[in-house]
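I have placed the structure first, in the form of structure tokens, so that the comments after it can refer back to it.
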Amino acid sequence: MRILVTGGAGFIGSNFTRMALKLNPGWKVTVLDKLTYAGRRENLVEVEKDPRFRFFHGDICDSDAVSLAMKDCDAVVNFAAETHVDRSIHDSSSFVRTDIEGVRVLLEAFREGGRRMFLQISTDEVYGSVEHGRSGEADRLDPRSPYAASKAGGELLAMSYFSTYGVPVVVTRASNNYGPFQYPEKLVPLFVTNAMDGEPLPLYGDGLNSRDWLFVDDHCRALLRVLEDSAPGKVYNIGAGQEHSNREVTDLILEIAGASRELVRYIEDRPGHDRRYALDVSLLEEELGWTAEIPFRQGLERTVAWYRDNRGWWETIKSGEFREYYRSMYAGRLEGSVGER
Ligand code: NAD
Ligand code: DAU
């Protein structure tokens, strides 16, 4: 099987590419990636010399680039997206373009080929904030940020190609991933690297928003199961059932990294900040026999160790585009911040 992995130079896509090639000697993987600020060729260095791997630098909104990369591919796994909620609040245009229009361009190229599966990687954020219980696949979608709304648009469009044209689409909705190679704008890598540098850890609001934390390897294993055995038209939640408030995550990071609690700062909240996400993953467990394997503490220890051993990777990022991004997002809010509550 040859798989097209779009967005394969990003966090989850690069972890998935490495795992897919390692566990499946008969597979070939093509990566198509625009190399935005979040995509990095060095994330793929481990597979660069593998003859089963090839890389195309291109945009999923560009139909010529997509046709070229998709040639000979049996399946597509679409990770390519703008992914950071805070950036989508600042400017949603690239989110609508990549996360919806990009999906359309991919689907149009895909439906010409008689291929096996179009796997659209979506997110638990499409359900919106869930005060009680857990979101099931049949629940109403209620996306509340421009990022979540764009992802909902992308997956609904993909499913419409299944209903209308019989394109073999499958959608997965994963919870918050963490692990090696995550761009340090997201909570876990930002706080791990700030803790290592003795910089403030900026918690939004009261720090009690909670997420269901999924180690990236567990996510990638679930996607491999879906690719192998899922029927077209299905939607699967993917989560580890490991709910933690942002304060709990912060405490654990500080403990594992051996940093001081005095680094914690409470800052002005994210607008429209979803309070809680929680997924019911029984469908994936029962139909495909998958369960999450990595407990949160163990995953976080592996993550902290990776950032400690790969300082050069994140220092390069943090001294580039990121520096101005961080200043504009955090400098003002940190001025009015308070410490440990
Ligand atoms: P990321 O931001 O680390 O990587 C995104 C990748 O997509 C980058 O390599 C980037 O260069 C590429 N890309 C962006 N626009 C593109 C375009 N127009 N054409 C081609 N490539 C483009 O993201 P991630 O955290 O690895 O997320 C991957 C996917 O998983 C996304 O679809 C995201 O919505 C979804 N997801 C992420 C999480 C999470 O916690 N990180 C959870 C659930 C779902
Ligand atoms: O739930 C899945 C989603 O998880 C993915 O679809 C998104 O691509 C991914 O970015 C992530 O979205 P979140 O908004 O949940 O992730 P983020 O790391 O930005 O924030 C996690 C929580 O931490 C959230 O409650 C906001 C809070 N936070 C975040 C940052 C960056 C802070 O308190 N301070 C921060 O500096």
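Summary table
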| quantity | calculated |
| --- | --- |
| Search result, residues across region 102-142 that are surrounded by fewer than 16 Cβ atoms within 10 Å (Cβ to Cβ), charged (D, E, K, R) and more than 18 Å from residue 283 (Cα to Cα) | 108, 112, 116, 131 |
| Any chance residue 183 is touching a Lys or Arg at 6+ places or on another chain (Cβ under 7 Å), touching a residue at least 40 places away in the same chain (Cβ under 8 Å) and among the aromatic types (Phe, Trp, Tyr) | no |
| Top-ranked residue of region 162-179 - restricted to ones that are within 20 Å of residue 138 (Cβ to Cβ) and not β-branched (Val, Ile, Thr), ranked as nearest to ligand 1 (Cβ to nearest atom) | 174 |
| Selection from region 78-120 of residues that are under 21 Å from residue 29 (Cα atoms), assigned to a helix (DSSP H, G or I) and either free of Cβ contacts under 8 Å to residues at least 40 places away in the same chain or more than 16 Å from ligand 2 (Cβ to nearest atom) (or both) | 105, 106, 107, 108, 109, 110 |
| Criterion violated by residue 305 - all others in (1) over 29 Å from residue 155 (Cβ atoms); (2) loosely packed, with under 12 Cβ neighbours inside 10 Å; (3) of a type in the set (Gly, Ala, Ser); (4) modelled with pLDDT of 95 or more satisfied | (2) |
| Top-ranked residue of region 55-72 - restricted to ones that are among the acidic types (Asp, Glu) and under 24 Å from the mean Cα position of the chain (by Cα), ranked as farthest from residue 18 (Cα to Cα) | 62 |
| Count of residues meeting criterion [more than 14 Å from ligand 2 (Cβ to nearest atom), out of contact with any Leu (no Cβ under 7 Å at 6 or more places or on another chain) and either at pLDDT below 95 or over 15 Å from residue 128 (Cα atoms) (or both)] in region 261-288 | 8 |
| Count of region 159-217 residues which are of a type in the set (D, E, K, R) and either in a loop (DSSP other than H, G, I, E, B) or touching a Cys at 6+ places or on another chain (Cβ under 8 Å) (or both) | 4 |
| Count of residues meeting criterion [among the hydrophobic types (A, V, I, L, M, F, W, C), in contact with a Leu (Cβ under 7 Å, 6 or more places away or on another chain) and in contact (Cβ under 8 Å) with a residue 60 or more places away in the chain] in region 121-157 | 0 |
| Residue within region 202-214 that is near ligand 2 (Cβ under 9 Å from one of its atoms) and at positive phi present | yes |
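The values are calculated or read from the model by the stated rules, or taken from the named source; none is laboratory data. Since this is a predicted model, take the numbers as computed values, not measurements. Here the Cβ is made from the backbone with ideal geometry for all residues, glycine too, and neighbour counts use every protein chain on show.
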